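Below: the structure, in structure tokens.
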Amino acid sequence: VLGNHDAFGTRKVVTKGLTQSGFHVLHNEHIVLTQGTDKLYIAGIDDPWVGKADIAQALLHIPEEACTILLAHEPDFADDFCKLPIDLQLSGHSHGGQVRFPIVGALYTPPHGNKYSSGLYQLPNSQLQVYTTRGIGVTRMPVRFNCRPELTVITLHS
């Protein structure tokens with residue numbers, strides 16, 4: 001899925017580059033991965049902050065009992081999605097805060113990247129879990145302190 005910086009005049013270029021590199025950009029849609037009789041639904045929405053996210057369209061025709069992973073750039077929109085049949089939301093956007101101090105936490109997080117800024121969270125009264133990666137880049141401040149870059153690998157078992 002694309003993020004907020006991809007929407008600032010470069011959406012078509014970024015989408016074309018990713019597609020030519022073999023990626024399937026999910027824009028308010030989903031795909032189904034199958035292994036034997038098992039199915040995993042991967043839904044992706046446009047950037048909820050600066051784009052035109054349509055979660056209903058992305059989840060359309062996914063069975064309610066299905067295992068569904070949502071790709072949504074900004075993590076804090078999970079609060080809007082927690083009553084939907086989504087098991088795991090994978091997000092980025094926050095860069096983990098980039099500069100973090102013990103006890104204080106992140107000095108700055110971008111809008112919609114404050115509440116779930118880094119790591120795994122279980123939303124209360126919901127099946128939804130949110131994982132927010134710190135990613136490998138920086139924004140605004142070209143520095144990281146106590147917030148190492150990460151490339152997350154998630155292994156799923158049936």
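Okay, here's what the table says:
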item	result
Estimated vicinal HN-Hα couplings, Hz - the stretch 61-75 in sequence order (Karplus 6.51, -1.76, 1.60; Gly, Pro = x)	6, 8, x, 4, 8, 5, 7, 10, 10, 10, 9, 9, 4, 8, x
Residue 47 long-range amide H proximity, modeled H, under 5 Å	2, 52
Nonlocal amide H pairs with residue 106, under 5 Å, H built at 1.01 Å	101
Expected-Rg normalisation [2.2 N^0.38 Å, Cα atoms] applied to the stretch 34-100	1.22
Proximal lysines relative to residue 115, as straight alpha-carbon distance under 24 Å, when same-chain residues fewer than 8 apart are discounted	52, 83
Within the stretch 1-90, GluC sites (Glu not before Pro) in DSSP loop having at most 16 other beta-carbon neighbours inside 10 Å	64, 65
Rounded to 10°, Cα long-axis angle of helix 11-20 versus longest principal axis of the chain	60 degrees
For the stretch 46-55, 3J(HN,Hα) per residue [Karplus equation, 6.51 cos²θ - 1.76 cosθ + 1.60, θ = phi - 60°, Hz, x = Gly/Pro]	4, 4, x, 7, 10, x, 10, 5, 9, 5
Cα-based convex hull, the stretch 1-137, per residue volume (Å³, whole number)	125 Å³
5 angstrom amide H check on residue 89, placed H, neighbours 5+ away	70, 129, 130, 131
Exposure ranking of 15, 132 by accessible area [1.4 Å probe, largest first]	15, 132
Those aspartates and glutamates that a straight Cα-Cα span of less than 19 Å connects to residue 12, excepting residues fewer than 8 apart in one chain	29, 46, 47, 54
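The values are calculated or read from the model by the stated rules, or taken from the named source; none is laboratory data. All values derive from a computational prediction rather than experimental measurement. Using ideal geometry, Cβ is built from the backbone for each residue, glycine included, and neighbour counts are taken over all protein chains shown. Calculation scope for accessible area: heavy atoms of the full protein, side chains included, ligands and nucleic acids excluded. Shrake-Rupley method; radii C 1.70, N 1.55, O 1.52, S 1.80 Å.
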